[in-house]
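Visitor: Take this structure first; my questions come after.
What follows draws every value from the coordinates through simple rules; no lab data is involved. Predicted model, so just to flag it, every value in this text is computed and none were measured. In this analysis, Cβ positions are derived from the backbone assuming ideal geometry, glycine residues included, and neighbour counts consider all displayed protein chains.
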Protein chains: 4
Amino acid sequence: MHSHATINYPEYIWPAGKSCAVVFSLDLDAESPFLWMSRGQEIKHLGEIEQRRFGPRQGLARVARLFEEYDIKGSFYVPGVVAETYPALLPFLVEGGHEVAHHGYFHERIEAIAPAQAEEYLVRAQELFHVQTGLKGLGHRAPSWEMTAEFLNVLQRHGVLYDSSLMGFDHPYEVEGLIELPVQWTVDDALYFRYTNSARDKTHPANPAAVLESWIEEFEGMRECGGLFMVTIHDWISGRAQRIRMLRKLIEHIRRCPDVWWARADELAAWHGNSINSKRFLVPAHSIDTHF
Amino acid sequence: MHSHATINYPEYIWPAGKSCAVVFSLDLDAESPFLWMSRGQEIKHLGEIEQRRFGPRQGLARVARLFEEYDIKGSFYVPGVVAETYPALLPFLVEGGHEVAHHGYFHERIEAIAPAQAEEYLVRAQELFHVQTGLKGLGHRAPSWEMTAEFLNVLQRHGVLYDSSLMGFDHPYEVEGLIELPVQWTVDDALYFRYTNSARDKTHPANPAAVLESWIEEFEGMRECGGLFMVTIHDWISGRAQRIRMLRKLIEHIRRCPDVWWARADELAAWHGNSINSKRFLVPAHSIDTHF
Amino acid sequence: MHSHATINYPEYIWPAGKSCAVVFSLDLDAESPFLWMSRGQEIKHLGEIEQRRFGPRQGLARVARLFEEYDIKGSFYVPGVVAETYPALLPFLVEGGHEVAHHGYFHERIEAIAPAQAEEYLVRAQELFHVQTGLKGLGHRAPSWEMTAEFLNVLQRHGVLYDSSLMGFDHPYEVEGLIELPVQWTVDDALYFRYTNSARDKTHPANPAAVLESWIEEFEGMRECGGLFMVTIHDWISGRAQRIRMLRKLIEHIRRCPDVWWARADELAAWHGNSINSKRFLVPAHSIDTHF
Amino acid sequence: MHSHATINYPEYIWPAGKSCAVVFSLDLDAESPFLWMSRGQEIKHLGEIEQRRFGPRQGLARVARLFEEYDIKGSFYVPGVVAETYPALLPFLVEGGHEVAHHGYFHERIEAIAPAQAEEYLVRAQELFHVQTGLKGLGHRAPSWEMTAEFLNVLQRHGVLYDSSLMGFDHPYEVEGLIELPVQWTVDDALYFRYTNSARDKTHPANPAAVLESWIEEFEGMRECGGLFMVTIHDWISGRAQRIRMLRKLIEHIRRCPDVWWARADELAAWHGNSINSKRFLVPAHSIDTHF
C-alpha cells in the first residue's frame, strides 16, 4: 500500500485574480448510449431512441441559441457515431466558436472493453473529427465518466490535449501525466432529469427549481473554495423547455459575479499547463491493493 | 448508418397566432395494467387492484367535474378492457364533449407481443368503441408509450387518425407517415405519484407543490419554444384529492395566458395535417444499426 | 368479465354536517416486520432491530404525549407479537382512550401464507388482546396493507368490526360484506421516512417540510371532496424528533378547521354501518379474469 | 420471547442544565469502502476511487478549516487502512483537538465476516493508532453502522471506550454492557449526497437547502426531546463546496441556541458513565426468536 502526502495542497491560482472558473460542457450523446447498450440485439421499440433523437433535432439548437445569447463558448463532447450520423453537428459547433472534443466512438465504457478496442475507437474518432473539422489534438471525456490508468496513457500517446472524466480534485490536476479537468456528478443534468422508463431510471425528473438552487450553491461554494464549476448537460435532456429556462437563470446568476473566469475546457488545459499550478497537483492513477 | 439533416428545422406554426398548444390527456387505465402484468397467474391479493379501481369509481368523475368547471375538453385514452368492464365510461366521456381514443385492449406493450396479436387487439378495441359510441377512425396512444415501426404501419392500415406515444420533437410531427402528437415523461403524473408498494415503485409520492412548480416551468418553456404542452394524467392517480387541487392551480395558471391554444388531441392532428407544418417534420421510424 | 356501474356514486354523508373525517392511526410494528422477514434465519446483526426498538422505547410515548396534548384519540394497530413482547403497551393505550386493533400476529403478509395459517394467527391475536385488555370484536388492518377476498370472509367469521387495509374509495365503503375504512399510501409516513440501509429503501428520508406540505394538500382536498383523511404513522418512524414537530404542525392546521370530524376508526365504522351511507358503496372483493 | 418494560423511561439529563447535546462526527472513509467491496478482484476503473480520494486530498482539510473557524472539536472515525495510506491524517486531527476513533480496518462489515477476523482487524487498528498517535482505549463506530452482540463483547474485552453504531434510543444508552452513543440515518450526509454511478445509488444528490431544512428540524426536535443530535458526515461527500456552505449554515443555526452542549463523542461517553443516566437505559443486545 503506497502512502499519500495530504492536507497541505496549495490553493489553485486562476488567471487575472479570478476566484474560480466556469465551464459549460455538453455531452452530445443523442441515441449513442442506447445503441451501445443494445449492441448485437434486434431493437424494435422506438420509445427511448425517439426521445434521444429530440437532442440533435431540437435540443442542441436551443442550447446553442441560449449560449449565443450570452456569448458563451461551450465545450461539446461528441461520440464518433453521433458526428457520423449527424454530419452537420461538428461544423455547426466549430462555426459557433465552441470547442469540440472526443467522447468515445460508440459511447463505449472504456473499462468494459478490450484496451486495443478502446484505442481503435479513439483513433477512428480522431480521424473522423479531422475529416469533418480539420482539427487534431483535441480534448477527451470518457463515456459514463469511467477511465483506466492504461487508457490515460493511450490518450497521451495519441496526442490528446486533456482528459475530463474524473473527480479527484475540484480544480484541474494531473493524473498519470495527463491534465485532468474534473467533472462532478452534482452538476450533471442526467442524474436529475433523465427518465426513459427503463430499469436504470431511479426516480421522476427533479423539480428544476430545486436543481437550480443546488447548482447555485455549488457555484457559490466554488467561488469560496477557488475551484472549477464544470457543468455538464446533454442535448436530449437539457434541450427540453423547462431546462432551457433553468440554464438561463443559472447563467444570469453567474453573470452577475465579476470574479469568475468563463472558459472553454481547452483554455483551462492551456492555463493549467503553463501556470504555477502545473506539477502542484500530481497524482498517480492508482495503486490499489485489493488483496488483503 | 443513415445520416440526418438537423439543426435547421423551422418553427412550428400554431393557428391564430397562438404561441403554443395545451392538451389535457388522461390514460384511463384503471386496473388494466395490473391485469396485464398478472396475466395467466392466479391473483389473490387485492391491494393494487382496489387502489386502481378508485379511478373509475371516484377519480375519473372528479377529473371530469374539474374539466367541466373550466370548460376543458380532454383527450381520454381507454384500453378496450376498461371500456368493456365499465360500459358507462365511453358514453359519459363522449357526452361531455371529450375525445375518446385507443390505448391497447389489455394495456399490452406492443413491442413485447407478436405483431399479429397487437393488430388483433387493435381491431377488437376499434369494434368495441364503435359499438359503444358509434365512432370510428379514432386516435391512438400506446400503453407504456412504447411503439414499433411495424405497428405505426398497422395503425395507418386500420384508419387510426394519429399516434401519441413518442417524444422525438416537442410539437406534432410525422413518423413513418403517421401524425405523432408527442407525449413527455416530465408531464406524466404517474412518474411522480404512482405508488403501489410493488418493486417498480421507485420513491414516495412527490410533493404536489414541487410537481406543480416543475410543470409550470415546462409550460412556460413551451410558450417560449412554441411547442405542445401535452399533460398526461391517470384516473386512479390524479383523481386523488391533493392532485385535483394541483390540477386546478395548473389550469388557472394556464388560463391567465391568452396566447395558448387549448385543444383536444384530434384537433391538433387535424391542424397539423392541414397546415404549413405538414411535411416539415418528417422522420423515419428508425434505421438503427446495432451491429458494430 | 363482470361489469361495473360507475360515475354515479353519491356524496358521502358525515355526521353533524361535517365536511370530512380525520383519523390518526398508528401501525405499532416495532421490530415485528424485521423478525417476520428474517423468520427461520439466524440473525446476528443488530442495526435494524435496534432502530425499530426505538419505537416502543421512546417513539410511542412521544406520539402518545402529543396526542394527549391535543386530546386526540388515535387508532393503534398492533401485531400480536408486539403486544406479547411489550405487555405494557395495550393497557397503556386503552387507558389513554385510544382504540387498539389487530395487525396480524407476526406482521405476516396474508396473501403470502396459507389461509388456515392466517386464520390461526388472527385467532391467536384475538385471544391475546382479550387477555391483555378484556376487549373483543376489535377492528383489523392487514400488515403491509395486503388483503384477500378469502380473508375478508375470515375476518367476518371471527367477529372483526371492520377492515382498514384497502384504498378502493377515499371514504368508508363495504367490500365483500365488510366495512372498509380506506388507507392511502400518500399519507403513510413509512414511504417518506423509512430508511434502514436495506435493499428495500428507495431513497433518503424526505424533508418533513415537504411531506407536511403534501399532507396538508391532501387534507384540504378531502375537505373539498368530502372524504376520509386517514393518516398512518409508525412508532419507530414518526416517534423521531423532527416528525413529532411535523405532526404537531399538521394537527394545528387541522384544528383550525371547524368542519372536520375527528374520530377513531371504530367510531367511523359505527357511523358508516348505521348511516345513510350504508349499502351505498358496496363492491365485490374482485372477480379478476387474468386468463385472456 | 422475552418481554420489555417500556413507556416509562425517564428523561435524559445533560450537564449544566443543557437541553440537548450536539456532536459533529465524520466517518473518514476515503477509498476504503470501495476497496473492501472490491476485495480480491482486479480493479481497473478509476471513477469511484478518484472521487473518494477527493476526501483526503481536499475535503477533509475544508471540513477541518470550517470546524476551526467555529472552534468545533469533532469526532473522526478512521478505518485503519486510511490511517495507514494517509499517515499524516491522525496526527493532523489530534493536533487540532479532535477525537480520533476506530472504524474497522478495511471498512469491513462486522456481521459479514468471521468473528475472529473482526477481532483481528480491531487489534490491528488499535496498534496502528497507538503507533501514530500514542493513544489507546479509543471509541469505536462500526463500518456501515452494523453490529453484533458478540462484537460488542469483543470491543469491551479490548478496552474500547464506547460504541457509536446503533439507534435504539436517541440519547446515550448502554447495550450489552457497553456505552452506546446513537447515530441516526436522518442526519447522515451519505444518504442524501452519495452518488458514484453504481447500482447502490438510489437517486440524484439532494438539494442541500432541503437537507438543511430537515436537519434543522431534527435539531430543534432534539432540543424539545432532550436528545443527542449526532451529525455524521464524510470527507469525500461533505467536503464538496456546496456542503461546506450547508454545514456552515447548520453550525450558525445551532450556535444561536445557548441551551446546547457541544461535545466530542468521548466527552459524552464520560458524562454518561459518571452521571445519573448511567444504568437507567440498559438493554440487552437482543434475544430474537425468529423460529415461529
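Visitor: Across the residues of D:185-192, average count of Cβ atoms on other protein chains within 10 Å? Write out the running numbers ahead of the final one.
Guide: On the way: counts 11, 10, 2, 4, 1, 2, 6, 4.
Partner Cβ neighbours, averaged per residue: 5.
Visitor: Please compare each pair in A:Lys18/A:Lys136; A:Lys73/C:Lys202; A:Lys18/A:Lys279; A:Lys136/A:Lys279; B:Lys18/B:Lys73; B:Lys73/C:Lys18 to a cut-off of 27 Å on the Cα-Cα distance and tell me which ones are over it. Present the calculation step by step, with values, prior to reporting the outcome.
Guide: Working: A:Lys18/A:Lys136 30 Å; A:Lys73/C:Lys202 39 Å; A:Lys18/A:Lys279 20 Å; A:Lys136/A:Lys279 25 Å; B:Lys18/B:Lys73 18 Å; B:Lys73/C:Lys18 33 Å.
Too far apart for the 27 Å limit: A:Lys18/A:Lys136; A:Lys73/C:Lys202; B:Lys73/C:Lys18.
Visitor: What is the local net charge at A:Gly139, summed over the other residues whose Cβ is closer than 13 Å to its Cβ (Lys, Arg +1; Asp, Glu -1)? Each step should come with its number before you reach the end.
Guide: Working: positive: A:Lys136, A:Arg141, A:Arg264; negative: A:Asp27, A:Glu99, A:Asp163, A:Glu180, A:Asp266, A:Glu267.
Net local charge, A:Gly139 excluded: -3.
Visitor: Moving on to the next point. Which of C:Cys20, A:Cys257 comes first, and how do the rest follow, when ranked by fewest Cβ neighbours within 10 Å? Don't skip to the end; give the middle numbers.
Guide: Working: C:Cys20 25, A:Cys257 14.
Sorted ascending by nearby Cβ count, the order is A:Cys257, C:Cys20.
Visitor: I've got another one for you. May I ask you to report, in nm to one decimal and beginning with the shortest, the distances from D:Arg65 to the same position in the other copies, taking label points 7 Å along Cα-to-Cβ?
Guide: Distances to the matching label points in the other copies: 4.3, 4.3, 6.0 nm.
Visitor: Set the Förster distance to 25 Å, then compute FRET efficiency between D:Tyr9 and C:Asp201 from the Cβ-Cβ distance, nearest 0.05.
Guide: On the way: r = 28 Å, r/R0 = 1.11.
Using R0 = 25 Å, I get an efficiency of 0.35.
Visitor: Now, a different point. Whose amide H sits under 5 Å from the amide H of C:His45, counting only residues 5 or more places off or on another chain, with H placed in the peptide plane?
Guide: Excluding prolines and chain starts, which carry no amide H, there are no hits.
Visitor: A further question on this structure: Ignore the peptide's own chain and count Cβ atoms of other chains within 10 Å of each Cβ in C:105-113; give me the average, rounded. Walk me through the numbers on the way to the answer.
Guide: Numbers: counts 1, 2, 0, 1, 2, 3, 5, 2, 0.
Per residue, the number of nearby Cβ atoms from other chains is 2 on average.
Visitor: Over chain B, what is the relative contact order in percent, taking alpha-carbon pairs closer than 8 angstrom and at least six residues apart?
Guide: Working: 482 pairs, mean separation 84.8, N = 292.
Averaging sequence separation for qualifying contacts and normalising by length gives 29 percent for chain B.
Visitor: Now for a different question. Kindly give the distances from D:Glu213 to its copy-mates, label point to label point, with each label point 7 Å from Cα along Cα→Cβ, as nm values to one decimal ordered shortest first.
Guide: 0.5, 0.5, 0.7
Visitor: Now for a separate question. With each label point set 7 Å from Cα along the Cα-Cβ vector, what nm distance links C:Glu68 and A:Asp259?
Guide: Those two pseudo-labels are separated by 5.4 nm.
Visitor: Hey, another quick one. At B:Ser19, label 7 Å along Cα→Cβ: distances to the other copies, nm, ascending?
Guide: Result, one decimal in nm: 3.5, 3.5, 5.0.
Visitor: As a check on your grasp of the helix formula, calculate [θ] at 222 nm for the protein assembly as shown: sum -39500 (n - 2.57) over DSSP H runs of n ≥ 4, divide by the residue count, round to the nearest 500.
Guide: Rounded to the nearest 500, it is -11500 deg cm²/dmol.
Visitor: Here's something else I'd like to know. Exactly which trypsin sites (Lys or Arg not before Pro) in the stretch B:106-192 are in a DSSP loop and have at most 16 other Cβ atoms within 10 Å? Write down the numbers at each step before the final one.
Guide: Details: sites: B:Arg109, B:Arg124, B:Lys136, B:Arg141, B:Arg157; in loops: B:Arg109, B:Lys136, B:Arg141.
Taking the stretch B:106-192 and a limit of 16 other Cβ atoms within 10 Å, the loop trypsin sites (Lys or Arg not before Pro) found are B:Lys136.
Visitor: Quick one: which residues, 5+ away or cross-chain, put their amide H under 5 Å from the amide H of C:Phe281? H built at 1.01 Å from N.
Guide: Residues meeting the amide H criterion: C:Glu174.
Visitor: Can you give me the Cα centroid spacing of the stretch C:100-174 and the stretch B:122-201 in angstrom?
Guide: 42
Visitor: Let me ask another. Which FRET efficiency, nearest 0.05, do A:Lys279 and A:Glu213 yield, Cβ-Cβ r, R0 30 Å? Working shown, then result.
Guide: Details: r = 38 Å, r/R0 = 1.25.
Efficiency at R0 = 30 Å is approximately 0.20.
Visitor: Based on other C-beta atoms within 10 Å, arrange D:Met246, C:Met37 from fewest to most. Before the final figure, lay out each step's value.
Guide: Working: D:Met246 24, C:Met37 15.
Ordered by Cβ neighbours within 10 Å, fewest first: C:Met37, D:Met246.
Visitor: Taking the stretch D:36-89, which GluC sites (Glu not before Pro) meet the DSSP loop condition and have no more than 13 other C-beta atoms within 10 Å? Each step should come with its number before you reach the end.
Guide: Numbers: sites: D:Glu42, D:Glu48, D:Glu50, D:Glu68, D:Glu69, D:Glu84; in loops: D:Glu42.
Sites meeting the loop and neighbour criteria: D:Glu42.
Visitor: Right, here's the next one. Using only atoms on other chains, find how many Cβ atoms lie within 10 Å of each Cβ of peptide C:234-245 and report the average.
Guide: Values: counts 0, 0, 2, 0, 0, 2, 10, 16, 13, 4, 4, 6.
The shielding value for this peptide is 5.
Visitor: Check the axis relating chain B to chain D and name the residue of B whose C-beta is nearest, distance in whole Å.
Guide: B:Thr203, 3
Visitor: If a/c stays under 1.5 just call it rounded; otherwise compare a/b with b/c (prolate if a/b is bigger, oblate if not). Do that for the protein assembly as shown, with a ≥ b ≥ c from the square roots of the Cα gyration tensor eigenvalues.
Guide: Values: a/c = 1.83, a/b = 1.00, b/c = 1.83.
Judged from the Cα gyration tensor, the protein assembly as shown comes out oblate (a/c at least 1.5, b/c at or above a/b).
Visitor: Now a separate question. Kindly identify the stretch A:46-113 as rounded, prolate or oblate by the Cα gyration tensor criterion: order the square roots of the eigenvalues as a ≥ b ≥ c, call it rounded if a/c is under 1.5, otherwise compare a/b with b/c, prolate if a/b is larger, else oblate. If you can, show how the numbers build up before the last one.
Guide: Numbers: a/c = 2.12, a/b = 1.39, b/c = 1.53.
Cα axes put the stretch A:46-113 in the oblate bin.
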